[in-house]
Amino acid sequence: MSISYNIFLIGFMGAGKSTVARALHQKLGLPLVEMDERIVEEQGISINEIFERFGEDRFREIESRLILDLGEAGPSVISCGGGVVVRPENIEYMKKSGKIVFLSATPETVYERVKNSTDRPILNGHMDVEYIAGLMEKRRALYEAAADFTIRTDGRSLDELCEEIEEKIES
Ligand code: S3P
């Protein structure tokens with residue numbers, strides 16, 4: 001399959017964006033961009049430090065700038081930060097340069113995947129299923145409205161997920 005546009009993977013923290021992006025990058029031969037990693041490389045400090053020293057708004061500005069830059073670069077598979085949908089302009093930039101795939105997972109699945117993580121400032125001090133469920137509910141409509149299609153990830157193999165994405169992305 002030859003793809004000439006960006007594939008943006010969106011969804012809550014722990015939905016599987018990075019894992020699926022890596023697999024699609026290998027299958028489709030498109031470059032891989034992990035947004036958070038790119039931000040850490042460019043800023044020279046961790047995501048936690050960006051939040052602590054400069055605040056969430058500054059992080060969101062950096063994130064929007066990167067989305068804009070990625071829209072102007074060649075086609076890639078892009079694993080987006082979970083909060084990328086909170087700024088409407090990000091969705092607009094993504095739609096202009098590619099297709100948006102929403103990876104969904106239940107709060108329980110997310111919790112199991114992120115419970116030992118300390119590098120997600122949004123969840124620091126709130127690492128529990130109730131908080132995750134509440135924030136996910138607040139964002140769900142944004143993810144759904146932004147996405148070209150949704151893929152449920154709970155209990156499914158990586159191969160199944162990639163096959164479904166490959167089928168849907170071309171239709
Ligand atoms: C965030 C998700 C994180 C990262 C930052 C904020 C969010 O990315 O961008 O900590 O607001 O949901 P992952 O979804 O890759 O963990």
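The values are calculated or read from the model by the stated rules, or taken from the named source; none is laboratory data. Just so we're clear, the structure is a prediction, and the values are computed from it rather than from any experiment. Quick reminder, even Gly has a Cβ in these numbers, built from the backbone with ideal geometry, and neighbours come from all protein chains shown. Side chains included, ligands, DNA and RNA excluded: accessible areas come from the protein's heavy atoms. Shrake-Rupley method; radii C 1.70, N 1.55, O 1.52, S 1.80 Å.
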Quiz item: Does the stretch 56-81 hold any residues that are in contact with a Lys or Arg (Cβ under 8 Å, 6 or more places away or on another chain), buried (at least 17 other Cβ atoms within 10 Å of the Cβ) and free of Cβ contacts under 8 Å to residues at least 40 places away in the same chain, and which are they?
Solution: GLU63, LEU66
Quiz item: Looking at the stretch 36-55, is at least one residue part of a loop (DSSP other than H, G, I, E, B), of a type in the set (Val, Ile, Thr) and either open to solvent by less than 10 Å² (accessible area, probe 1.4 Å) or out of contact with any Asp or Glu (no Cβ under 6 Å at 6 or more places or on another chain) (or both)?
Solution: yes
Exercise. State the number of residues belonging to the stretch 102-118 that are surrounded by 13 or more Cβ atoms within 10 Å (Cβ to Cβ) and either part of a loop (DSSP other than H, G, I, E, B) or not charged (D, E, K, R) (or both).
Key: 11
Self-check item: Subset of the stretch 120-171 [of a type in the set (Gly, Ala, Ser) and under 14 Å from the mean Cα position of the chain (by Cα)]
Solution: ALA146, ALA147
Exercise. Of the numbered conditions (1) part of a helix (DSSP H, G or I); (2) free of Cβ contacts under 8 Å to residues at least 24 places away in the same chain; (3) open to solvent by 50 Å² or more (accessible area, probe 1.4 Å); (4) not acidic (Asp, Glu), GLY134 fails exactly one; give the number of that condition.
Key: (3)
Self-check item: Residue under evaluation GLY14, criteria (1) in a loop (DSSP other than H, G, I, E, B); (2) within 10 Å of the ligand (Cβ to nearest atom); (3) on the phi < 0 side of the Ramachandran plot, criterion not met
Solution: (3)
Quiz item: Taking the stated definitions as given, is ARG60 within 11 Å of the ligand (Cβ to nearest atom) and among the basic types (Lys, Arg)?
Solution: yes
